[in-house]
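Following: one structure in structure tokens, then a few remarks.
The values are calculated or read from the model by the stated rules, or taken from the named source; none is laboratory data. Since the structure is predicted, the reported quantities are computational estimates derived from the model, not experimental observations. Backbone-built Cβ (ideal geometry, glycine too); neighbour counts: all protein chains shown.
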Amino acid sequence: MSPPALPACLACKHFKHAPAELEAALPGLSSLSSAYAAVRADDGICAVHQRYVTSTSVCPAFA
Amino acid sequence: MAEIAQTAASRSIARRSPWGDLFRKEDWWAIWIGLGLIAVAVALFAGGGSIKWIAVAPQKWSHLADVTLQLKQHGPQYAALFVLWSVSFGIGAAALGIKISRFLPAFLLIYLAAGSIYFLGLWDQAAHYNLEPPLVALGLGLLVSNTLGVPRWLDPGLRVEFYIKTGIVLLGASLPLTLIAWAGPVAIVQAAIVSLATFGVIYFAAVRLGLDRRLAATLGTGGAVCGVSGAIAVGGAVGAKKEEVSVAISLVVFWAIVMIFVLPLVARALSLSTGVAGAWIGTSEFADAAGLAAAQTYGGYAGNVAGIAGNPDAAVSAFTLMKVIGRDMWIGVWAFVLSLIATARWERTGIQSKSRAAEIWNRFPKFVLGFIVASAVVTLVARGFDYPAYKKEVVPALVAPLQAFRTWAFTFAFLSIGLTTRIREFASIGARPLVAFTIGVLVNVVLGFVLSTQVFNEFWNRLGQ
């Protein structure tokens, strides 16, 4: 059985969550933490709302 | 909503396997590297050997000629150690998506600089001139990054958290599991008191100053739980604005750097024992790497500065128990609870978030598991030895080499902190977040001091003995 599809930010083209991309977007993040850390889970930046959100969030701007 | 689901289905993305995290998160790589080194060390020890040949470390010296002699005598060992670290961290970095061809040249420079700082710290006049390795590493890094600038090719090697987490896993090997079980509950109680008070003060001060509740919560967790990691965990869980997360990160980094210098200085002026000072730093520093720099600095005073009692390792041990066991472990719970509140009570953002209890595990700082397993393994190995035999056989052949590995890993991290910190980034912090966070810092530092030096002082003193 294949895993379920996710109508969530993780699949959205506006969602930026690559670690290197996040460390560039959030200066200082790599000084005393890391985008590769477990505590970040898969959170990322929504380029539409300019918010830092979980990968399981949803919104009408999904694309 | 049906449209969203339909669109998503058309893009059909599969949920990631949770097992994938075992190789794409640095917490797990810190565990693989740290426990891997411990496993090899234990295997050699069990066979009557030791890993100490490759766990080379500078010895005390008086004249530069002594350094030259040490390098001549142990040159192959330093080269082998470089290869060991390069392979270990290089494989981890490659798995995380950092090109190994970009990581290795950067790491070579980090290794050489860290080695020089390690040697400097062993100079017999180092304490006289306050040349504690963590402070020298940090100061040198800050100076270079904020004056000359750091070349871009060095960036892939500046992985503060990767190095510090590996060092913490290795640190587990020098803390008996019985000590963690004995001190853990006290650390949790003390940390809980300070965390709740600090969060409350920052949160309510921020709201009172008119800041958004999501920013208030992100700032509060950054100050109360685990610094930048706390800020990004809760910032994501509550859906804070991108610039709010940036502000919280800058504030935590600013105060964490200040506290690296201030806490050991004040503790030294008050002649606190190493155990008590470590507990205070663990309660009142904001990030693991920053706190370990402060705690290791203070541990270095024992035996070198008159009036400071306790063994040198007690500062780092007390810090780690307080920060890692008392504070870091709970970040998933904070994120989950605050996401529930944000979803149910706070103003809508246009994004619908789901609060899931699974986030508690998702965000759990997994390297803590490595730290505990490392402690359990070495405790088990040491069971068959009485104390004199442990000191004579287990320490030199097993524990001391692992301590040397840990000191190297920490030095890589301390140097990387300075080289990745840009003071100009602090200029973007607004006045109101600065005021709210600073009020929390003051409460945190005073409360942490009172609990460490008055309420639980006997306990932390005993740890230091």
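State which residue pairs qualify: first residue under 16 Å from B:Val87 (Cα atoms) and inside segment B:107-119, second residue polar (S, T, N, Q) and surrounded by fewer than 19 Cβ atoms within 10 Å (Cβ to Cβ) in any location, beta carbons under 8 Å apart, and separation of 6 or more residues or different chains.
Close Cβ pairs (under 8 Å, with a partner that is polar (S, T, N, Q) and surrounded by fewer than 19 Cβ atoms within 10 Å (Cβ to Cβ)) amount to B:Phe107/B:Ser86; B:Leu108/B:Ser86; B:Tyr111/B:Ser86.
Hey, can you tell me all the residues within segment B:91-137 that are within 18 Å of B:Ala30 (Cβ to Cβ), under 21 Å from the mean Cα position of the chain (by Cα) and small (Gly, Ala, Ser)?
Listed by number, the residues that qualify are B:Gly92, B:Ala93, B:Ala114.
For every residue, the table says whether it meets (1) in contact with a Leu (Cβ under 7 Å, 6 or more places away or on another chain); (2) within 14 Å of another protein chain (Cβ to nearest Cβ).
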site: B:Ala248; (1), (2): yes, yes
site: B:Met259; (1), (2): no, yes
site: B:Val266; (1), (2): no, no
site: B:Asp288; (1), (2): no, yes
site: B:Ala306; (1), (2): no, no
site: B:Val316; (1), (2): yes, no
site: B:Ala344; (1), (2): no, no
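Filtering segment B:370-388 down to residues that are touching a helix residue (DSSP H, G or I) at 6+ places or on another chain (Cβ under 9 Å) and over 21 Å from B:Ile33 (Cβ atoms), which residue is surrounded by the fewest Cβ atoms within 10 Å (Cβ to Cβ)?
Here the answer is B:Phe385.
Listed here are the residues, each with its yes/no results for (1) in contact with a Pro (Cβ under 6 Å, 6 or more places away or on another chain); (2) more than 14 Å from chain A (Cβ to nearest Cβ); (3) part of a helix (DSSP H, G or I).
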residue: B:Arg348; (1), (2), (3): no, no, no
residue: B:Gly370; (1), (2), (3): no, no, yes
residue: B:Ala374; (1), (2), (3): no, yes, yes
residue: B:Val377; (1), (2), (3): no, yes, yes
residue: B:Val381; (1), (2), (3): no, yes, yes
residue: B:Pro396; (1), (2), (3): no, yes, yes
residue: B:Phe414; (1), (2), (3): yes, no, yes
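Residue under question is B:Leu71, and the condition is that it be farther than 23 Å from B:Val381 by Cβ and over 25 Å from the mean Cα position of the chain (by Cα); does it hold?
yes
If you check B:Arg406 against the conditions, is it within 25 Å of B:Gly326 (Cβ to Cβ), out of contact with any Ser or Thr (no Cβ under 6 Å at 6 or more places or on another chain), of a type in the set (D, E, K, R) and in contact (Cβ under 8 Å) with a residue 60 or more places away in the chain?
Answer is yes for this residue.
Go through segment B:318-329 residue by residue and tally those that are surrounded by fewer than 24 Cβ atoms within 10 Å (Cβ to Cβ) and more than 14 Å from every other protein chain (Cβ to nearest Cβ).
Going through segment B:318-329 one residue at a time, the tally reaches 1.
Can you tell me which of B:Ala217, B:Ala224 is in a helix (DSSP H, G or I), aliphatic (A, V, I, L, M) and either within 14 Å of chain A (Cβ to nearest Cβ) or farther than 21 Å from B:Gly332 by Cβ (or both)?
B:Ala217 is the lone residue from the list that is in a helix (DSSP H, G or I), aliphatic (A, V, I, L, M) and either within 14 Å of chain A (Cβ to nearest Cβ) or farther than 21 Å from B:Gly332 by Cβ (or both).
State yes or no: is B:Val337 farther than 30 Å from B:Val276 by Cβ, away from chain A (no Cβ under 14 Å) and of a type outside the set (Ser, Thr, Tyr)?
It is true that B:Val337 is farther than 30 Å from B:Val276 by Cβ, away from chain A (no Cβ under 14 Å) and of a type outside the set (Ser, Thr, Tyr).
How many residues, within segment B:232-246, are surrounded by 24 or more Cβ atoms within 10 Å (Cβ to Cβ), in a helix (DSSP H, G or I) and within 7 Å of chain A (Cβ to nearest Cβ)?
Number of matching residues: 6.
Could we say that B:Glu285 is acidic (Asp, Glu), in contact (Cβ under 8 Å) with a residue 24 or more places away in the chain and farther than 16 Å from B:Leu321 by Cα here?
When the stated conditions are applied, B:Glu285 does not pass them.
Of the residues in segment B:350-368, how many are part of a loop (DSSP other than H, G, I, E, B), out of contact with any Asp or Glu (no Cβ under 9 Å at 6 or more places or on another chain) and not charged (D, E, K, R)?
5
Does segment B:294-310 include one or more residues that are in contact (Cβ under 8 Å) with a residue 40 or more places away in the chain, touching a helix residue (DSSP H, G or I) at 6+ places or on another chain (Cβ under 6 Å) and surrounded by fewer than 24 Cβ atoms within 10 Å (Cβ to Cβ)?
For segment B:294-310, residues in contact (Cβ under 8 Å) with a residue 40 or more places away in the chain, touching a helix residue (DSSP H, G or I) at 6+ places or on another chain (Cβ under 6 Å) and surrounded by fewer than 24 Cβ atoms within 10 Å (Cβ to Cβ): present.
I need every pair where a residue in segment A:17-44 that is touching a residue at least 12 places away in the same chain (Cβ under 8 Å) and more than 8 Å from chain B (Cβ to nearest Cβ) has its Cβ under 7 Å from the Cβ of a residue that is assigned to a helix (DSSP H, G or I) and among the small types (Gly, Ala, Ser), sequence separation at least 6 or different chains.
These pairs meet every condition: A:Glu23/A:Ser30.
Tell me the residue from B:Ala206, B:Ala187 that is buried (at least 24 other Cβ atoms within 10 Å of the Cβ), of a type in the set (Gly, Ala, Ser) and farther than 30 Å from B:Val42 by Cβ, please.
From the options B:Ala206, B:Ala187, the qualifying one is B:Ala206.
Within segment B:380-420, restricting attention to residues that are modelled with pLDDT of 95 or more and of a type in the set (Ser, Thr, Tyr), which residue is farthest from B:Ala287 (Cα to Cα)?
Only one residue fits best here, namely B:Thr407.
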